[in-house]
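Q: Okay, here's the structure, questions in a sec.
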Amino acid sequence: MPTAREIMTPEAECIAADASVSEAAEKMASLDVGALPICGSDDRLRGMLTDRDIVVKVLAIGKDPDFCRTGELAQGKPVTIGADDDAKEILRTMVAYKVRRLPVIDGHRLVGIVALADVARALPDAPVGDLMSAVTS
């Protein structure tokens, strides 16, 4: 089974916890991604920010994205996967937490992201189908 390090998208770019949500949206657009890791000033992962978070937790309730900080949207401890964890652990974690993206950590350092698309490219159809059913229900 391949490891997270082998199937991840490497060099994921973070957004600073003190950056505005507008800055995050602009960065998502320029990188053509739907999520960004939120990192503190200590470069530690604080959470994940998705395009859906921006719509539901900021725009839909009338918050100003220029004044709302990304760190305000980081909730609890982020769900992560170790760089050397295998694909079975990736699948288990994605299903258990119903997430489509997993930050990949090596020690305390963010080294990449495993997205549903990465899993789909790397694994046979049956486990991917099971994962899709679990995270989209």
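Q: Taking ALA17 as the residue in question, decide whether it is within 17 Å of the chain's Cα centre (by Cα), at pLDDT 95 or above and aliphatic (A, V, I, L, M).
A: no
Q: If you take the residues in segment 42-69 that are of a type outside the set (A, V, I, L, M, F, W, C) and closer than 11 Å to CYS14 by Cα, which one is farthest from the chain's Cα centre (by Cα)?
A: Per the stated criteria, the residue is ASP43.
Q: Scan segment 76-96 and tell me whether some residue there is in a helix (DSSP H, G or I), over 16 Å from the mean Cα position of the chain (by Cα), modelled with pLDDT under 95 and surrounded by 18 or more Cβ atoms within 10 Å (Cβ to Cβ).
A: Yes: one or more hits.
Q: Only one of PRO2, PRO10 is surrounded by fewer than 16 Cβ atoms within 10 Å (Cβ to Cβ), under 19 Å from ALA122 (Cα atoms) and within 14 Å of the chain's Cα centre (by Cα). Can you tell me which?
A: Going through PRO2, PRO10 in turn, the sole match is PRO10.
Q: From the list ALA35, ALA24, pick out the single residue that is at pLDDT 95 or above and of a type in the set (Gly, Ala, Ser).
A: ALA24
The values are calculated or read from the model by the stated rules, or taken from the named source; none is laboratory data. Keep in mind that what you see is a predicted model, and the values were worked out from it rather than measured. Note that each Cβ is placed from the backbone with ideal geometry, even for glycine, and that neighbours are counted across all protein chains shown.
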